[in-house]
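Following: one structure in structure tokens, then a few remarks.
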Amino acid sequence: MSTDPRVEAVARVIGAYGTSEKVSAEFMGYATEALAAADAVDPLRRPGHVLEIRPTSYGIQHPPECRPHLLDCPLEMLMSEEEKAPALPGRYPAEVIDAELVLGPRIEES
Ligand SMILES: [Zn+2]
């Protein structure tokens, strides 16, 4: 099951579900495909963190829910301890799972 909260929200809209009904796997599938298509057009709308690795530095784009407590951000803390770039320069979806940095596929700039 997807951890992206947008999938269920989209499935509820396209399947015309009420707030308490269980959404079918069929509509969750449609929603997953619709969001993947939208993310391919505009990768920066994806939820979660984006890590930009530059040749000698890095930048982190935080999701809105992270912004009130940036200093406690697990990605911020982990990256401040990294001594070498975790991947080739580029932009990557990034998260911290079990204190490990997990990068998604590199985001192609359009
Ligand atoms: Zn953050």
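Observations, loosely collected:
- Apportionment of accessible area to carbon and sulfur, the chain, percent (1.4 Å): 57
- The amide H of Ile107, built 1.01 Å from its N in the peptide plane, has Arg91, Tyr92 as neighbours under 5 Å, considering only residues 5 or more places off or on other chains.
- Per-residue ellipticity at 222 nm from helix content only, as computed over the chain with -39500 (n - 2.57) for each DSSP H run of at least four residues, stands at -10000 deg cm²/dmol.
- Calculated P(r) tail over 23 Å for the chain, as whole % of Cα pairs: 40
- A 1.4 Å probe run over the protein chains yields, for the chain, 70 Å² of accessible area per residue, whole-number rounding.
- Each Lys and Arg Cβ is given +1 and each Asp and Glu Cβ -1; about its Cα centre, the chain then shows a dipole of about 300 debye.
- Amide hydrogen proximity for Tyr58: with H placed 1.01 Å from N in the peptide plane, no residue at 5 or more positions away or on another chain lies under 5 Å.
- Taking the chain and dividing mean pair separation by its residue count, relative contact order in percent (alpha carbons under 8 Å, at least six apart): 19
- Listed residue (Ile53, Tyr17, Ala85) projecting farthest to the positive dipole end of the chain, Cβ model: Tyr17
- Per residue, the convex hull spanned by the Cα atoms of region 49-103 amounts to 75 cubic angstrom.
The values are calculated or read from the model by the stated rules, or taken from the named source; none is laboratory data. Source: prediction; values computed, not measured. Here the Cβ is made from the backbone with ideal geometry for all residues, glycine too, and neighbour counts use every protein chain on show. The accessibility values were calculated without ligands, DNA or RNA, using every heavy atom of the protein model including side chains. Shrake-Rupley method; radii C 1.70, N 1.55, O 1.52, S 1.80 Å.
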